[in-house]
Amino acid sequence: MERYHNIVVLTGAGLSAESGLGTFRGPGGLWENFRIEDVATPEGFARDPVLVHGFYNLRRSWHKKARPNAAHLALARLEREHGNVLTVTQNIDALHEAAGTKNLIPMHGELERALCAACGVSAPWTEDLSIETLCQACGAAAMRPDVVWFGEMPREMERIDEALGACDLFISIGTSGTVYPAAGFVMEARAAGAHAVELNLEPSDGADLFLERIEGPATEIVPAYVERLLCTRP
Ligand code: OAD
């Protein structure tokens, strides 16, 4: 394996599957039982905030019980021992943080935070939200989960684009490659000359865009890949 200096890791729901959290697509996926338009768009929230709060309250209760798995821990180790790693996650479950990853961008927001739609203040939040929950900053009953919905801008895109433009290794883990802008990161990294590797249970929608692919459960293939990387670091 070559030696890499600047690494960007992109993660998706497949990384947390073995922590007991469901993925979105495929058999048994969350989007089989809920419609994206109803629970993951600003329009859906405006139409039926009670339904949307219920959906995220349920997910928050699952997240509270979940623990980081061997793949999250291996990525935290990669950051610690390599040094120059940015992890960008589409997950809102806080398991990277729990594993010890520090240089992290939760591009789709964080379920354990609540955002006031009236004043824009975001605060840590571990309890259920409802249409009656009051903002602790301004008092308005306008709280929503601090997550990114379809049609909204993912977090810190400028910093992500900059890192992709400067990376020499891009690793995509546990994501189906169906949701943009994350699905386009591989092309940005390759345009910068990076090696691109996909670690996933099965080929993603964008699998052909990767130069290397390793298939299997994240808890097996991620620790093994990290071990290989660290053994060959400069
Ligand atoms: P998906 O559910 O679309 O894809 C999960 C991927 O993980 C699939 O390709 C699975 O094959 C793979 N997978 C499942 N179990 C795995 C395991 N144990 N080890 C390795 N891979 C495994 O989830 P995402 O790609 O993360 O956005 O979805 C992207 C976005 O779509 C989410 O952030 C969410 C969703 O709608 C919003 O809600 C804005």
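Kindly evaluate LEU15 against the criterion of being among the aliphatic types (A, V, I, L, M), within 25 Å of LEU169 (Cα to Cα), touching a Phe, Trp or Tyr at 6+ places or on another chain (Cβ under 7 Å) and within 10 Å of the ligand (Cβ to nearest atom). So LEU15 fails the test. Which of the residues belonging to the range 26-68 are surrounded by fewer than 16 Cβ atoms within 10 Å (Cβ to Cβ) and basic (Lys, Arg)? Matches in the range 26-68: ARG35, ARG47, LYS64, LYS65, ARG67.
Residues to consider are LEU115, LEU134; find the one that is of a type outside the set (Gly, Ala, Ser), part of a strand (DSSP E or B) and in the same structural domain as LEU58 (by TED's automatic domain parsing).
Values: LEU134 fails: part of a strand (DSSP E or B).
Exactly one residue qualifies, and that residue is LEU115.
The set of residues in the range 175-224 that are more than 24 Å from ILE92 (Cβ to Cβ) and part of a helix (DSSP H, G or I) comprises MET187, ARG190, ALA191, ALA207, ASP208, LEU209, GLU220, ALA224. For the structure I just gave you, tell me whether SER122 is outside the structural domain of ALA189 (by TED's automatic domain parsing) and within 25 Å of ALA182 (Cα to Cα). Criteria met by SER122. If I filter the range 196-212 for residues that are surrounded by 18 or more Cβ atoms within 10 Å (Cβ to Cβ) and of a type in the set (Asp, Glu), do I get at least one hit? Yes, the range 196-212 contains a residue that is surrounded by 18 or more Cβ atoms within 10 Å (Cβ to Cβ) and of a type in the set (Asp, Glu). Filter the range 18-30 down to residues that are more than 9 Å from the ligand (Cβ to nearest atom) and touching a helix residue (DSSP H, G or I) at 6+ places or on another chain (Cβ under 8 Å), then give me how many there are. Matching residues across the range 18-30 total 3. Annotation note: Cβ proximity below 6 Å between a residue of the range 101-114 that is hydroxyl-bearing (Ser, Thr, Tyr) and a residue that is assigned to a strand (DSSP E or B) (sequence gap 6+ or interchain) occurs for THR101/THR87.
The values are calculated or read from the model by the stated rules, or taken from the named source; none is laboratory data. Computed from a predicted structure; not experimentally measured. Virtual Cβ from ideal backbone geometry, glycine too; neighbours counted across all protein chains shown.
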